[in-house]
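Novice: Below you'll find the structure I mean.
The values are calculated or read from the model by the stated rules, or taken from the named source; none is laboratory data. Just so it is clear, the structure is predicted and the values come from calculations on it, not from any experiment. Cβ placement follows ideal geometry from the backbone for every residue including glycine, while neighbour counts extend to all protein chains displayed. Side chains included, ligands, DNA and RNA excluded: accessible areas come from the protein's heavy atoms. Shrake-Rupley method; radii C 1.70, N 1.55, O 1.52, S 1.80 Å.
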Amino acid sequence: WYQRRVRGAELKEYELVGKPLSKTNETTPIYKMTIFAPDEVVAKSRFWYFLRQMKKVRKVNGEILRLSLRSNTSPTKIKNFGIWVRYDSRSGSHNMYREYRDVSRTGAVTQCYRDMAARHRARAHSIQIMKIESIKAGDTRRPLTKQMHDKKKEIPLPHRELKYTKKSMNVANRPSTKQ
Amino acid sequence: MLYQRYIEIGRLCYIRLGDNAGKTCVVVDLVDQKRLLVDGPHCGLPRQVIRLKNLAITDLKVKIPRGCKTKTVRDALTKDDISTKFLQSSLSKKAEAKKSKAGLGDFERFKLRVEKTAHNRKIRSTVRKLKKSS
């Protein structure tokens, strides 16, 4: 049954299989797509959106054979994901290759959407995830991803400002930021 | 040294916020600048990704390889007896004190107030006497 969509929640990976309806009793080709969407409704919508662009089939003339939710393969193993994106900016359409470190494909794609919105003001409707691949550490290209591959990496927490929700603002001394 | 404590593989961290608040965990790997893969077999905490903002770093550290299995983490923790060492730290003691204070009943809180007033009164009278004599 349809679950209420939670804003800001991680996207889900759906595998959709659909085909154009056959007018005569001929066999029609079947198409499969991987869609990252917050729920099934959006997943189906995006499926038809992409299929319509690539093949001569519309939702009216087609049917979805299967919609399945893909689960996380290894939720405790950190992977480097390379994501090939196509997005529409204000002046044109561009391809991008972006890298994210995450524990799941859905986590990485969600990061990508948030990142594109932040850095390029790209809304979800103008972003197309063309390909997502788990890459070996040696094949990563971005320094932000590469810096995490050092097993001797140490992160200090200088001047750590923590949110003091219950502490009063009227105190004699400033809170300590030492960690 | 400017910084004593670092977020690094093997560092014991204390979870400040969230569902698992109050438990300690060991850093097994770093996802990115804000998230860590932690494991807490000594506390019954399953391996998971946690945000840095939910953690506080402790002084304690174990020697484990990056991304090792939970069994390795458990063995390293028991070998160094980290659980008892953590209980001696000020962070643990403060957390314990906070918890006991929150668990006080109304009568206990009254008793605490009476004792605190008596204690402060004693201090102030002694200070006053010293000021008068000097």
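Novice: Can you confirm whether A:VAL57 is open to solvent by less than 30 Å² (accessible area, probe 1.4 Å) and part of a loop (DSSP other than H, G, I, E, B)?
Specialist: Criteria met by A:VAL57.
Novice: Then there's this: Tell me the helices (runs of 4 or more DSSP H) entirely within the stretch B:72-134 that contain at least 3 residues that are farther than 26 Å from B:VAL28 by Cα.
Specialist: By residue number, B:90-102, B:106-133.
Novice: Suppose we keep only residues that are closer than 27 Å to A:ARG160 by Cα and touching a helix residue (DSSP H, G or I) at 6+ places or on another chain (Cβ under 8 Å) within the stretch B:57-76. Which one would you say is surrounded by the fewest Cβ atoms within 10 Å (Cβ to Cβ)?
Specialist: B:LYS63
Novice: Checking B:THR24 against (1) in contact with a helix residue (DSSP H, G or I) (Cβ under 8 Å, 6 or more places away or on another chain); (2) facing chain A (nearest Cβ under 10 Å); (3) buried (at least 21 other Cβ atoms within 10 Å of the Cβ), only one condition comes out false. Which one?
Specialist: Looking at each condition in turn, B:THR24 falls short on (2).
Residue-by-condition table, conditions (1) at the interface with another protein chain (Cβ under 9 Å from one of its Cβ atoms); (2) more than 13 Å from the chain's Cα centre (by Cα); (3) outside any helix (DSSP H, G or I):
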| position | (1), (2), (3) |
| --- | --- |
| A:THR106 | no, no, no |
| A:ALA118 | no, yes, no |
| A:ALA122 | no, yes, yes |
| A:HIS159 | no, yes, yes |
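Novice: Further, regarding this structure: For the stretch B:83-101, what are the residues that are of a type in the set (A, V, I, L, M) and surrounded by 15 or more Cβ atoms within 10 Å (Cβ to Cβ)?
Specialist: Result: B:LEU91, B:ALA95.
Novice: Looking at (1) farther than 27 Å from A:GLN111 by Cβ; (2) open to solvent by 50 Å² or more (accessible area, probe 1.4 Å), which one does B:LEU17 not meet, given that it meets all the others?
Specialist: (1)
Novice: Could you list, in sequence order, the residues of the stretch A:68-94 that are under 16 Å from the mean Cα position of the chain (by Cα), part of a strand (DSSP E or B) and more than 14 Å from chain B (Cβ to nearest Cβ)?
Specialist: A:LEU69, A:ARG70, A:GLY82, A:ILE83, A:TRP84, A:VAL85, A:ARG86, A:TYR87
Matching residues to (1) modelled with pLDDT of 95 or more; (2) within 12 Å of chain A (Cβ to nearest Cβ); (3) touching an Asp or Glu at 6+ places or on another chain (Cβ under 7 Å); (4) farther than 20 Å from A:VAL103 by Cα:
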position: B:LEU12; (1), (2), (3), (4): yes, no, no, yes
position: B:GLY18; (1), (2), (3), (4): no, no, no, no
position: B:VAL38; (1), (2), (3), (4): yes, yes, no, no
position: B:ARG47; (1), (2), (3), (4): yes, yes, yes, no
